[in-house]
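The structure under discussion appears below in the form of structure tokens.
The values are calculated or read from the model by the stated rules, or taken from the named source; none is laboratory data. Here the structure is a predicted model, which means the values were calculated and not measured. Every residue, glycine as well, gets a Cβ built from its backbone with ideal geometry; the counts of neighbours run over all protein chains shown.
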Ligand code: DHB
């Protein structure tokens, strides 16, 4: 481990939940890996991320021994509220599909995985720089980087995994002629805040209003997470706390008198929207997982869930490929993972376009959205589709 040259079986770029979970699952099957990330642990832990886990991913965390904290500190949610026309309508996941989701922030998933990897003595290197991936079509692909102490290092592996996010080096290292990008931009973003206040609602509230979308989510009894639709170029620093609260309140206002419990805003950021898929998910002996291969808009909280679903499939495919010494098996990964990815692309696109106001859209579109929302909550078929997708499709 001390030398500049490091030999391992699977080299993983990116120590977010995808990279760490993959390393954890591989270790359970006796497969060695090295993980590198150019961010430090505190940098990753200091970033606000989404908060919803599908029950299948909670099981993955607990059954693999990565986290038991999720059972103590996570909160099961049996449904969501869809709020439109100033009224809330509950979509009851448990009654519709017999499944729920869990509120447990991505930051906590990361912390649990990083702790588990440290506890098991894994080789995870945070805070590296200048990461490059090389020889992707060769027998020994490599990760070159400078570690946190300024030492140049080289990891050589049998299979390299790019779990380094949407702006990472791995996807960019695939020649353009060898990848196809599918994407859609949206003319809006989310203004996300963390606030010190008691919960305003028992479950998540997804709100359609003539002023645009708002989402009321939770973190703890004293900290809440909320979002409202804004312009992609909005400067979060330009908003006073009073203006943030006035905007959130006017989006959720209705005849039922629902109001948000207010408190100091402790964190704010603008989240850009993009739907994106890169195909195939394999190039030579490198495989892409999570945001490195695809991104979804945040509506519906599928990003982390898709990343964990990818690594579930990937761990299985890697085990088979390594046991059989047959890299041809790796071809099965992308098509299997992409079935779920494209379902989630459709679901998040649908939730996004149903709930957001397109700037400059006609009154016709707002009426059409309201009819679509009524069609979902008034119909068992409509709300069952939402419940199935939100809680996560069963295994591939
Ligand atoms: C949260 C984020 C989402 O994008 C979503 O759909 C639900 C919840 C959250 O941060 O709590």
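The table that follows gives values for the structure above.
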read-out: Residues of the range 1-20 classified as over 12 Å from residue 122 (Cβ atoms), in contact with a helix residue (DSSP H, G or I) (Cβ under 9 Å, 6 or more places away or on another chain) and buried (at least 16 other Cβ atoms within 10 Å of the Cβ), total; value: 5
read-out: Scan of the range 116-142 for residues that are assigned to a strand (DSSP E or B), in contact with a helix residue (DSSP H, G or I) (Cβ under 9 Å, 6 or more places away or on another chain) and under 13 Å from residue 33 (Cα atoms), ordered by number; value: 123, 124
read-out: Members of the range 48-78 that are within 13 Å of the ligand (Cβ to nearest atom) and at pLDDT 95 or above; value: 52, 53, 54, 74, 75, 77
read-out: Close pairs (8 angstrom Cβ cut-off, 6 or more residues apart or separate chains): assigned by TED's automatic domain parsing to the domain that holds residue 139 in the range 155-184, loosely packed, with under 13 Cβ neighbours inside 10 Å and assigned to a loop (DSSP other than H, G, I, E, B) anywhere; value: 158/139
read-out: Matching residues, the range 143-165, being crowded, with 21+ Cβ neighbours inside 10 Å and assigned to a loop (DSSP other than H, G, I, E, B); value: 157, 163, 164, 165
read-out: Scope the range 168-193; condition more than 30 Å from residue 268 (Cβ to Cβ) and in contact with a strand residue (DSSP E or B) (Cβ under 7 Å, 6 or more places away or on another chain); matching residues; value: 170, 173, 174, 178, 179, 180, 181, 182
read-out: Number of positions in the range 348-357 that are surrounded by fewer than 21 Cβ atoms within 10 Å (Cβ to Cβ) and within 15 Å of the ligand (Cβ to nearest atom); value: 3
read-out: Residues located in the range 101-121, provided they are over 15 Å from residue 41 (Cα atoms) and within 16 Å of the ligand (Cβ to nearest atom); value: 101, 102, 103, 104, 105
read-out: Residue within the range 39-58 that is farther than 30 Å from residue 169 by Cα, more than 19 Å from the chain's Cα centre (by Cα) and surrounded by fewer than 18 Cβ atoms within 10 Å (Cβ to Cβ) present; value: no
read-out: Test: residue 248 is within 16 Å of the ligand (Cβ to nearest atom), closer than 20 Å to residue 359 by Cα and free of Cβ contacts under 8 Å to residues at least 60 places away in the same chain; value: yes
read-out: 3 or more residues within 13 Å of residue 252 (Cβ to Cβ): qualifying strands (runs of 3 or more DSSP E) within the range 166-235; value: 205-207, 214-218, 223-230
read-out: Residues of the range 234-281 that turn out to be farther than 30 Å from residue 181 by Cβ and loosely packed, with under 15 Cβ neighbours inside 10 Å, as a count; value: 17
read-out: Candidates 262, 196, 210, 203 - the one that is more than 20 Å from residue 300 (Cα to Cα) and in contact with a strand residue (DSSP E or B) (Cβ under 7 Å, 6 or more places away or on another chain); value: 196
read-out: Filtered residue count, the range 281-312, keeping only those that are away from the ligand (no atom under 16 Å from the Cβ) and in contact with a strand residue (DSSP E or B) (Cβ under 8 Å, 6 or more places away or on another chain); value: 9
read-out: Some residue of the range 205-220 being farther than 28 Å from residue 391 by Cα, more than 12 Å from the ligand (Cβ to nearest atom) and under 23 Å from the mean Cα position of the chain (by Cα); value: no
